[in-house]
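Each value in this text was obtained by applying a stated rule to the coordinates, not by laboratory testing. Predicted model only: the values in this text are computed from it and were never measured. Positions of Cβ are backbone-derived with ideal geometry, glycine not excepted, and every protein chain shown enters the neighbour counts.
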C-alpha cells in the first residue's frame with residue numbers, strides 16, 4: 001500500500017512537472033513571429049515519417065545511424081514495458097500484462113530485451129566515440145562545459161536504465177524458477193530472450209529474499225530513471241527525441257535556395273514605385289500600421305519555426321562539420337547558431353516569467369551571443385541545412401541577422417557596401433556602366 | 001568564329017513583331033567578367049547552332065538582386081526584382097535560361113511571389129535537353145580519355161536539386177568523369193556564395209576555394225568542369241595557387257560542349 005502511494009505521488013509529480021515544462025517551451029517557441037506551415041499536410045506527414053520516424057537522413061552515415069537506431073528502437077518499444085510498470089505501480093499488480101497478453105507478452109519483452117542489449121552496446125560505442133575518439137565535431141569550441149556534460153549524462157543514464165531492466169527481469173526470472181515470483185504466469189520460466197539465460201547466470205546463487213530486493217531495485221530504479229529522464233529532457237539537448245517529429249512535420253518544403261521575401265520591405269518598395277502614393281497620408285481607418293523591424297536582432301524577431309529548430313537541435317554537429325566556413329577555420333559554426341538561439345530563448349523566457357513581458361535585459365541574440373564575424377562568414381551554401389537529420393535550418397537565422405545588421409544598423413563589411421552601392425547605381429555588383437552590359441556581343 | 005555569333009535583343013525582336021522562344025539571362029558576371037564572357041559566348045554558339053530562337057535583354061538587363069539579398073539588403077533586392085519583373089512581364093517572357101545558378105535560383109524561386117512567373121532553367125538543363133532531342137550532336141573526339149571532375153555549384157545542386165543534367169552532358173564527352181570525395185548533396189562550396197564573392201573571407205586557417213581546389217586536384221583531372229561563373233573564378237584561382245594551370249583547366253560545361261561540337 002505504501003508503495004502504491006509513493007508511486008502515485010512520484011507519477012503525478014512527474015506528469016505535472018513535465019507538463020509544466022512543456023508548456024513553458026511551447027510558450028517560448030510561440031514568442032517567434034508568424035509563419036504559415038499549415039499547408040500541404042500529406043507531404044508534411046510523409047516528410048515526418050521518412051525523416052523523423054524512418055531516420056532517412058541519419059542513414060547517410062551508416063555506422064552511427066545503425067547504433068542510433070538501436071537506441072531509438074529500444075526507446076520506442078520499451079514504452080510498452082513502461083506502461084506496464086505504471087499500471088503495476090498504480091494498482092499494486094505484478095506484471096499485469098503477462099497475464100492479459102500471454103504469448104504476445106513474451107514476444108514483446110523479448111524484443112525489448114534484445115534491443116536493450118543492442119542499445120547497451122550502442123551506448124558504450126557512443127561514449128567511446130564522444131570521449132576517446134577524436135571526432136572533430138564533438139570537440140569544437142561550443143562543445144565544452146555543459147553541452148559536453150549533457151551529452152555524457154544522457155548516455156550514463158541510458159546505461160543505468162538498461163542495467164535496471166535486466167536486474168528486474170533477471171531477478172524475477174530466478175524467482176519464477178524457484179516458484180516465488182509474484183507474476184501470474186504458468187510454468188517455471190518467463191521465456192524472455194535474454195534474461196531466461198542471463199538471469200540464472202547472474203542471480204542464480206541468491207536466496208528468495210535477496211532476489212526480491214534485487215527485483216524491486218530494478219523495478220524502482222527503472223521507473224525513477226524514466227521519470228528523471230523525462231524531466232531532464234526539457235533542460236537538455238535530448239528534447240530532440242520528442243521535437244524531431246513536429247519539427248520535421250513543419251519542415252520548409254520549398255527549394256533550399258529560396259529565401260523568404262520580406263513583406264514589409266516589399267510594401268515599402270511598392271510604395272516607392274507608386275506615383276499615387278502619399279508618404280504623409282494617415283493610415284486608413286482599421287489599417288494596422290506595422291512597426292515590425294527589418295530582420296532579426298533577438299529571438300522574438302525570428303519565426304516560431306526557427307525557435308522550434310533551436311529546441312530540436314541535439315548538437316550532433318553534422319552541420320558544422322559540413323560547413324565550408326567552419327571547416328576552413330572561420331568562427332562560424334551552424335550548431336553554435338542553434339545553441340545560442342536556444343540559450344537566448346530560454347533566457348528571454350525566464351526573464352519574462354520573472355519580470356513581466358515587457359522586461360528588457362539589454363541583451364540580444366545578435367551581439368551578446370552571435371557575433372558579426374560569425375554571420376558574415378556564411379556562404380549560404382545550404383550544406384548545414386542539407387546535413388541536419390531533423391531538418392533544422394540555421395541559414396535562415398543567419399540571413400535574418402544579416403538583414404537586421406544591414407537594414408537597421410547599416411553595419412556591413414566595407415567591400416559589401418561597395419557591392420550594394422554598385423547594384424543600386426549600375427544594376428551590377430561591380431562598377432560597370434549599364435550601357436556597357438551588351439558590349440560582350442561585339443567583342444572578340 | 002566568334003564573329004559569326006548572332007545575338008538578338010528582345011527589344012529588336014519585339015520591334016519586328018516577333019517574340020523569343022526563350023530569354024537568355026546573361027547575368028552580371030556573364031556580361032562584364034572577362035572570363036565569364038567566354039562562357040556566355042559558348043552558350044550563344046550552342047544556341048545559334050541548334051537554331052534556338054532566343055534573345056537577350058542587352059542593356060535592359062539588370063542584376064537579379066541575389067548578392068544584395070544574401071548580404072542582407074532586402075531593399076536593394078526588392079528594387080531590382082520589381083524592376084526586372086516589370087520589364088520581363090512587359091515583354092511577356094515565358095521561359096528563361098541562365099548560365100548563373102544564382103540568377104537561376106532567384107528568378108526561379110524568389111520572383112514568383114513578387115509577380116514574376118517564368119519557366120526558368122539552367123544552361124546545363126537546356127544543353128542536356130538539346131542533346132536528348134538530338135538537336136545538338138557532339139563527337140567525343142577531343143576529350144577522349146581525358147579526366148573530368150564536376151564541381152557542383154551550391155545554387156544548382158543543394159539549392160535546387162539539379163545534380164544530373166551536367167553529369168549527363170559530361171558523360172557524352174567520351175571522357176572519364178571522376179567524382180570528388182565531397183560531391184552532389186555533400187559537395188563543398190567554392191567559397192563565393194552568399195555575397196562572399198565580393199568581400200574578403202573572415203579570418204581562418206584556409207581559404208575555402210583552396211580547400212575545394214585541393215580536393216579536385218587530388219583526382220588529377222585534365223578539366224575541372226563547373227556550371228557557375230563564380231565557382232569558375234574561385235576554382236581557377238585555386239588552380240593558379242597550386243600552379244597546376246598546365247595540367248588542369250577550369251572550364252564551364254558549356255565551353256566543353258561547344259569545344260567538342262567544334263563550334
What number, in percent, do you get for the relative contact order of chain B if the mean sequence gap of Cα pairs under 8 Å and at least 6 apart is divided by its residue count?
-> 20
Figure the gain on full extension for residue A:254 and residue A:216 (residue separation times 0.36 nm, minus the Cα-Cα span) and round it to one decimal in nm.
-> 8.4 nm
Determine, for A:146, A:20, the number of other Cβ atoms within 10 Å of each Cβ, and report the residues in order from fewest to most.
-> A:20, A:146
Given q = 0.15, 0.17, 0.20 Å⁻¹, what are the Debye log10 I(q)/I(0) values for segment B:138-260, with equal point scatterers placed on the Cα positions and solvent ignored?
-> -0.63, -0.81, -1.11
Honestly segment A:56-110 on the Cα gyration tensor test (a ≥ b ≥ c root eigenvalues; a/c under 1.5 rounded, otherwise a/b vs b/c for prolate or oblate) is just prolate
For chain A, with a Gaussian network of springs between Cα atoms less than 10 Å apart, report the residue from A:302, A:230, A:63 with the top mean-square fluctuation.
-> A:63
Stokes-Einstein D for segment A:300-444 (4 °C, 1.567 mPa s, Kirkwood Rh from Cα pairs), in µm²/s, comes to 75
Taking 7 Å along the Cα-to-C-beta vector as the label spot, tell me the residue A:149-residue A:281 distance in nanometres, rounded to one decimal.
-> 6.0
Nearest-5 percent of antiparallel DSSP beta bridges in segment B:2-128?
-> 0
Classify chain B: rounded, prolate or oblate, from the alpha-carbon gyration tensor (a ≥ b ≥ c, eigenvalue square roots; a/c under 1.5 rounded; otherwise prolate if a/b is larger than b/c)?
-> oblate
Using 7 Å Cα-to-Cβ label points, what is the residue B:53/residue B:203 separation (nm, one decimal)?
-> 6.0
Chain A: relative contact order from alpha carbon pairs under 8 Å, six or more residues apart, as a whole percent, is 19
Among rounded, prolate and oblate, which fits segment A:1-134 when a ≥ b ≥ c are the square roots of the eigenvalues of its C-alpha gyration tensor, a/c under 1.5 means rounded, and a/b larger than b/c means prolate?
-> oblate
Taking the Cα centre of each part, how many Å lie between segment A:376-444 and segment A:71-134?
-> 52
May I ask for the Rg/Rh ratio of segment B:74-160, computed from Cα atoms with Rh as the Kirkwood radius, given to two decimals?
-> 1.09
Run the quick spin-label model on residue B:86 and residue B:34: label points 7 Å from Cα toward the beta carbon, then report their separation in nm to one decimal.
-> 3.6
Counting helices only, and only those DSSP H runs with n ≥ 4, report the 222 nm mean residue ellipticity of chain B as the sum of -39,500 (n - 2.57) divided by its residues, in deg cm²/dmol to the nearest 500.
-> -11500 deg cm²/dmol
Given a Förster radius of 41 Å and the C-beta distance between residue A:272 and residue B:14 as r, what FRET efficiency does 1/(1 + (r/R0)^6) yield to the nearest 0.05?
-> 0.90
Could you pull the Rg and Dmax for segment B:2-128, using just the Cα atoms, both in Å?
-> 14.0, 42
So what are the radius of gyration and Dmax for the Cα set of chain A, in Å?
-> 28.0, 99
For the Cα atoms of chain A, what angle does the longest principal axis make with the long axis of helix A:394-403, in degrees from 0 to 90, nearest 10?
-> 30
Residue of A:321, A:228, A:410 that the Gaussian network model of chain A assigns the largest fluctuation, springs spanning Cα pairs under 10 Å | A:410
Tell me, in nm to one decimal, what length is gained between residue A:425 and residue A:41 on full extension, where the rule is 0.36 nm per residue of separation less the Cα-Cα distance?
-> 133.8 nm
Got the relative contact order for segment B:2-128 handy, in percent, Cα pairs under 8 Å and 6 or more residues apart?
-> 27
Say we join alpha carbon atoms closer than 10 Å with springs in a Gaussian network model of chain A; which of A:297, A:43, A:24 then has the biggest fluctuation?
-> A:43
With 0.36 nm assigned to each residue of separation and the Cα-Cα distance removed, residue A:354 to residue A:182 gains 56.9 nm
